[in-house]
Each structure stands twice: as structure tokens, then as C-alpha cells.
């Protein structure tokens, strides 16, 4: 079965209208198709209608922008309910953030000597509430700032470049709850043993990050010592009972070695006598 579960249309940053996208997929033998536009579901109804006429099995989808551990990731949701109020309101909040980021990107590029970039990006966005870096990139290619979209990103739109604007997207937990069509349960429950253990492991993992790259920094060992000091208290609490059993077994081993040494000494004395 020929399946494509990740496609974008002009409802976000794709190049084809939703109906055109479905027609092209059908012409290429796709039997199951999902439309997963960035942070919006406005193209699903048209795509679904076209898929029915083309005999293509259609899956409602979306791709949600998320900030996780300080990094932007994209979460694809399939078999969503496009009419779910929690999903629609969540996506609306992301689009509002996109609009603010686009304005800041336009200002940043203008400060770098590239005027009217926001107006140019809007000419490539069928959905004015979903302006992405790709729309800016197409405008900059057309105006001769770079030979292709990839070069635009490398020169202007990635971290450390003049047109990059950091942005806080949705949380991973919120994105998952929107995809499921349920409002996130914010009531706190008492953590069980597994949750406590996982939390301690997470703290150890964060502390271990301080160890990376420390060994080759000359004689300055203070950062390394600091990282180790942060790890020790968490390690001591992870599985105290097991550590206690380990200490007992070690004590028993030491006592056994002492008895064996004493017996060996007695045998030696007997042989000498």
C-alpha cells in the first residue's frame, strides 16, 4: 500500500493548494494520504473532499510547533478531530505567536540591510496568519540575496544569523493534549515510587551534562568537581535499599576474606611446626 502521512499545502508553507496536493498524490499512486499543515487545519476540508472524489483514503492531520528542552521540534498528529475546541484554540495561540515572530524577523532583516522582507514573505503565504521562515526564504531567493532556499537559511535564518528570532512555542504536553482533543489535566497527584525514581534519574542526567567536555580543559578541574558534587546526592537516594544491601555484602566479603586469611595463617604455622 502506497502511503504518505506527512504533507504540507499552501494552508501553511507548502507549494500546492490542498486539492492540487491530493490530485498529485492520487496521480502518483498514493492510496492513503494525510495533510499535516503547520499549526493549522484550514486545508483539511477541501483536501478531504478531493480525496473522496479521487478514491484516496484521507487522514486528518496537523504538525504542531513545540519547544522541548530548549529546542524547537515538530509533533505530527494523525486522525485528529479538526473541530475539537481545545485543538483549535491551541493552534490559534501558536499562529498568534507566529505573527509576532514574523514581525520581529522583518525588523531584524531590515536592520541587516534587507528592507521590506516581511511584505515580500506575505506574498508567498496564502494564509497570512501562518508566515514561516520558508516564506521569507522564497522572497530572499527571488530578490537575489541567495541562490536557493537552503542558502538563505544558512546565511540569514538559523541561530546566530541576522534574521533568526528565538521563539517559545507550545509545550510538548499541551501539544499532545490538543492532538488528543482533550484539555490538559493540570491537577497534581502525589508521585509514586516510579515517578520519584524517574525524577531522580532526570536530575542525575542533567548534572552529568556538566561532565561533557571537561576532561580536556587543562588543569582547571573546578567545573568537573562541581558536576560530581551535584551528582552524588542524587545517586545516593536513587535506590538506598539496594545500596545498603551492597554495603552489607561488601562487609560480609571483607569478613570472609579475614577469616580465610586467618585460616591460611594457621595452616602455615601447622606445616612449619
Those residues of segment 73-82 which are within 23 Å of residue 168 (Cβ to Cβ) and surrounded by fewer than 19 Cβ atoms within 10 Å (Cβ to Cβ), in sequence order: 73, 74, 75, 76
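Checking the condition in contact with a helix residue (DSSP H, G or I) (Cβ under 6 Å, 6 or more places away or on another chain), assigned by TED's automatic domain parsing to the domain that holds residue 131 and farther than 25 Å from residue 96 by Cβ, which residue from 51, 23, 34, 27 passes?
Values: 23 fails: in contact with a helix residue (DSSP H, G or I) (Cβ under 6 Å, 6 or more places away or on another chain); 34 fails: in contact with a helix residue (DSSP H, G or I) (Cβ under 6 Å, 6 or more places away or on another chain); 27 fails: in contact with a helix residue (DSSP H, G or I) (Cβ under 6 Å, 6 or more places away or on another chain).
One residue alone meets the criteria, 51.
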Selected residue [over 22 Å from residue 137 (Cβ atoms) and surrounded by 17 or more Cβ atoms within 10 Å (Cβ to Cβ)] from 25, 11, 49, 102: 25
The one condition in (1) closer than 23 Å to residue 180 by Cα; (2) part of a helix (DSSP H, G or I) that residue 103 fails to fulfil: (1)
Residues satisfying the stated conditions in segment 107-145, i.e. in contact (Cβ under 8 Å) with a residue 24 or more places away in the chain and in a helix (DSSP H, G or I): 108, 109, 111, 117, 133, 134, 135, 136, 140
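Report the residue count in segment 163-191 for those that are over 22 Å from residue 92 (Cβ atoms) and at pLDDT 55 or above. Step through it out loud before you land on a result.
At the first step, the residues of segment 163-191 found to be over 22 Å from residue 92 (Cβ atoms) are 163-164, 187-191.
Now narrow it down to the ones that are at pLDDT 55 or above: 163-164.
Count: 2.
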Members of segment 83-94 found to be surrounded by fewer than 18 Cβ atoms within 10 Å (Cβ to Cβ) and touching a strand residue (DSSP E or B) at 6+ places or on another chain (Cβ under 9 Å), listed by number: 93
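Return the residue satisfying two criteria in turn: it lies in segment 54-71 and is in contact with a strand residue (DSSP E or B) (Cβ under 8 Å, 6 or more places away or on another chain) and farther than 16 Å from residue 93 by Cβ, and of such residues it is surrounded by the fewest Cβ atoms within 10 Å (Cβ to Cβ). I'd like the intermediate steps shown before the answer.
Here is the first cut: in segment 54-71, the residues in contact with a strand residue (DSSP E or B) (Cβ under 8 Å, 6 or more places away or on another chain) are 56-67.
Cutting the leftovers down to farther than 16 Å from residue 93 by Cβ gives us 56-61.
Details: 56: 22, 57: 13, 58: 19, 59: 20, 60: 19, 61: 23.
So, considering only residues that are in contact with a strand residue (DSSP E or B) (Cβ under 8 Å, 6 or more places away or on another chain) and farther than 16 Å from residue 93 by Cβ, the one surrounded by the fewest Cβ atoms within 10 Å (Cβ to Cβ) is 57.
The values are calculated or read from the model by the stated rules, or taken from the named source; none is laboratory data. Given the structure is predicted, the values throughout are model-derived calculations rather than measurements. All Cβ positions, even for glycine, are placed from backbone atoms using ideal geometry, and neighbour counts span all protein chains on display.
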